[in-house]
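Colleague: Dropping the structure in here first, questions after.
The values are calculated or read from the model by the stated rules, or taken from the named source; none is laboratory data. Owing to the predicted nature of the structure, the values given are computational and were not obtained by experimental measurement. Glycine gets a Cβ as well: all are built from the backbone with ideal geometry, and neighbour counts include every protein chain shown.
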Ligand code: HEM
């Protein structure tokens, strides 16, 4: 899948077509049925079942009754459904797809046998996320798509294709920003072994690619986003929901670029458990290092790194491209989720830089409290998380530009 095909009709083969041939992996593994006894239900029937409930053609009770039959047939009454660690994450993904289907009705609708199956899985495999996480929904789900050509979605029909692209776009985009982080981390960790201008120019190219992925999301219709977003929400009073906020490479890039502010550290602290497991120690390590001055901007401000003209221009280019990514993201989010923004809010680079600082990311009204819906699926204030992220970059850019003086003519 190329980025240009995301959210476009050419990227949407009819869902009735058979799955693409597996691109890698042994043929035995290519059959998702062999890796999760719930795969057939979740892949083939769940989206239509959820559509029937959403359209009032079926009730949650009927949905629960059907899913209990599916669980019994899969052997859920005899113990955990996954019999080996390699399939455990996929089974967990299936169980959580079934569970999150009840989120629009609230946790009281969760069927007991489904909760019992999840509990049995988590007891047997304690490292599994007990809630739908970025790692399961994006990383595991998209890796399965790469192997089998099948992907799990909540929405039926055409909406399901757009939802698929929403997940795939995140998965396909992350290596670009990860590459930018790798270049910057090399500059921080081995300054003498790295050519700063070349490293920064390469990081800039990666970020440009990442930004282009983001721009594709302008094609996602608001109705489609809102249709599947309700299955990503936080459990009221429980775990945070799934969000791009938990894509680790973006936060790693920020940490390698500039020192964390106290509020950003709090935000990372509250987010850490929701990042993919592999990334949690890496984020913690970079948070410590960056706070202690191990980041590119601080190295320039302290005079430890003295970029020549070319490297200076590339560093400003990296910050500008990162800001650009976040501004495009902000625009796409305002279009998709207008209710999360004051009608008069027009966040621009200038207005965000003019803010007297970052704002409380926990401050916001949630659904059902009569003040609108300012919280994202992560449970943080959408407006404040997104504008804080731009504010930190613009503040750093201002300080770097002052230190470097004119670098382009
Ligand atoms: C229609 C498309 C998208 C919408 C509506 C959207 C919405 C949001 C919202 C509401 C937040 C605030 C936190 C929360 O979810 O509660 C957020 C955060 C975030 N999203 Fe997205 N998002 C979209 C696409 C993407 C894509 C494609 C990426 C990455 C390739 C991404 C990366 C991020 C990141 C990194 C954050 C944390 C803030 C930051 O560090 O800049 N999002 N998104």
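Colleague: Name the single residue that is surrounded by the most Cβ atoms within 10 Å (Cβ to Cβ) among those in the stretch 372-385 being within 6 Å of the ligand (Cβ to nearest atom) and in a helix (DSSP H, G or I).
Modeller: 382
Colleague: Moving to a separate point now. Any idea how many residues of the stretch 163-173 are touching a residue at least 24 places away in the same chain (Cβ under 8 Å) and more than 7 Å from the ligand (Cβ to nearest atom)? Can you show your working first?
Modeller: Just the residues of the stretch 163-173 that are touching a residue at least 24 places away in the same chain (Cβ under 8 Å), to begin with: 163, 165-173.
Then drop every residue that is not more than 7 Å from the ligand (Cβ to nearest atom), which leaves 163, 165, 167-168, 171-172.
Of the residues in that region, 6 qualify.
Colleague: Look at the stretch 349-365 and say how many of its residues are more than 11 Å from the ligand (Cβ to nearest atom), crowded, with 19+ Cβ neighbours inside 10 Å and over 20 Å from residue 251 (Cα atoms).
Modeller: Counting residues in the stretch 349-365 that are more than 11 Å from the ligand (Cβ to nearest atom), crowded, with 19+ Cβ neighbours inside 10 Å and over 20 Å from residue 251 (Cα atoms) gives 0.
Colleague: Return the residues of the stretch 45-101 that are within 14 Å of residue 120 (Cβ to Cβ), over 24 Å from the mean Cα position of the chain (by Cα) and surrounded by 14 or more Cβ atoms within 10 Å (Cβ to Cβ); say none if nothing qualifies.
Modeller: Scanning the stretch 45-101 gives 71, 74, 76, 80, 81, 82.
Colleague: For the stretch 250-263, give me each residue that is surrounded by 21 or more Cβ atoms within 10 Å (Cβ to Cβ) and either touching a residue at least 60 places away in the same chain (Cβ under 8 Å) or assigned by TED's automatic domain parsing to the domain that holds residue 108 (or both).
Modeller: Hits for the stretch 250-263 are 250, 252, 253, 254, 256, 257, 258.
Colleague: Is there a residue being within 11 Å of the ligand (Cβ to nearest atom) and either modelled with pLDDT of 95 or more or touching a helix residue (DSSP H, G or I) at 6+ places or on another chain (Cβ under 7 Å) (or both) anywhere in the stretch 131-139?
Modeller: Yes - at least one qualifying residue is present in the stretch 131-139.
Colleague: For the structure I just gave you, tell me whether residue 179 is buried (at least 22 other Cβ atoms within 10 Å of the Cβ) and within 16 Å of the ligand (Cβ to nearest atom).
Modeller: Here the answer is no, as residue 179 does not meet what is asked.
Colleague: Considering each residue of the stretch 202-228, count those that are within 20 Å of residue 335 (Cβ to Cβ) and buried (at least 19 other Cβ atoms within 10 Å of the Cβ), and give that number.
Modeller: 11
Colleague: Exactly one of these conditions fails for residue 232: (1) in contact with a helix residue (DSSP H, G or I) (Cβ under 7 Å, 6 or more places away or on another chain); (2) closer than 30 Å to residue 55 by Cα. Give me its number.
Modeller: (1)
Colleague: Let me ask something else. Kindly indicate which of 399, 346 is more than 13 Å from the ligand (Cβ to nearest atom) and more than 24 Å from residue 224 (Cα to Cα).
Modeller: Working: 346 fails: more than 24 Å from residue 224 (Cα to Cα).
Answer to the selection: 399.
Colleague: So, in the stretch 270-314, how many residues would count as being within 26 Å of the chain's Cα centre (by Cα) and farther than 15 Å from residue 259 by Cα?
Modeller: Counting residues in the stretch 270-314 that are within 26 Å of the chain's Cα centre (by Cα) and farther than 15 Å from residue 259 by Cα gives 13.
Colleague: On to the next question. Among the candidates 193, 143, single out the residue that is away from the ligand (no atom under 11 Å from the Cβ) and within 15 Å of the chain's Cα centre (by Cα).
Modeller: Of 193, 143, the one residue that is away from the ligand (no atom under 11 Å from the Cβ) and within 15 Å of the chain's Cα centre (by Cα) is 143.
Colleague: Same structure, new question: Inspect the stretch 312-327 for any residue being within 15 Å of the ligand (Cβ to nearest atom), under 28 Å from residue 238 (Cα atoms) and surrounded by fewer than 21 Cβ atoms within 10 Å (Cβ to Cβ) and give the result as yes or no.
Modeller: No, that holds for no residue.
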